[in-house]
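As structure tokens, the structure follows; a few thoughts come after it.
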Amino acid sequence: MSTMMTKRQRVLNCLANGNGLTANEAKSRFSVGNLRATISDIKSQVEAFGNWEIVSEETATGKTRYFMNDTHPGVRTYGYDKFGSRYAL
């Protein structure tokens, strides 16, 4: 099994760990050229079963920052490591 992660997986892991992300941050950290398209792709996956939602807010400088919120906080018994593998909490 390869431990190489795609840009999409890196963005998803960043958001799943409670971090927000702007397009400039995604470009510098993960070489993502079009964060809006990546977020759209991730959104369809994470919101499919109603457990997570992708939200955005405008920063003070007018940029869009994306976050991933757990719709069932306090109920989760698992998390994800940096490679995207699920583990028990």
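For the reader, a short list of remarks on this structure follows.
- With K and R counted +1 and D and E -1, the other residues having a Cβ less than 12 Å from that of Gly84 yield a net charge of +3.
- Calculated P(r) over Cα pairs in 5 Å bins from 0, in percent (choose from (i) 3, 13, 24, 26, 18, 11, 4, 1, 0; (ii) 3, 14, 27, 29, 17, 8, 2; (iii) 2, 9, 10, 10, 8, 7, 6, 5, 5, 5, 5, 5, 5, 6, 5, 4, 2, 1, 0), label: (i)
- Calculated [θ] (222 nm, deg cm²/dmol) that DSSP helices of n ≥ 4 give over the chain, each run adding -39,500 (n - 2.57): -10000 deg cm²/dmol
- Proximal aspartates and glutamates to Lys63, defined as alpha-carbon separation beneath 15 angstrom and excluding residues fewer than eight positions away on the same chain: Glu25
- Relative contact order of the chain, pairs being alpha-carbon contacts under 8 Å that are 6 or more residues apart, as %: 28
- Length gained on full extension, Thr64 to Arg36, computed as 0.36 nm times the residue gap minus the Cα-Cα distance: 9.1 nm.
- Calculated FRET value between Ser56 and Ala88, using beta carbons and R₀ = 30 Å, to 0.05: 0.45
- Taking a sphere under 12 Å around the Cβ of Asn24 and counting the other residues whose Cβ falls inside, with K and R at +1 and D and E at -1, yields a net charge of +3.
- Qualifying trypsin sites (Lys or Arg not before Pro) in the stretch 1-75, DSSP loop, other Cβ atoms within 10 Å at most 13: Lys63
- Taking θ as phi - 60° and the Karplus parameters 6.51, -1.76 and 1.60, the scalar couplings of the stretch 21-35 work out to 8, 9, 4, 5, 5, 5, 5, 6, 7, 10, 6, 8, x, 10, 5 Hz in sequence order, x denoting glycine and proline.
Here, each number is a calculation from the coordinates, and none is a lab measurement. All values derive from a computational prediction rather than experimental measurement. A quick note on method: Cβ atoms are made from the backbone with ideal geometry, for glycine too, and the neighbour counts reach across all protein chains shown.
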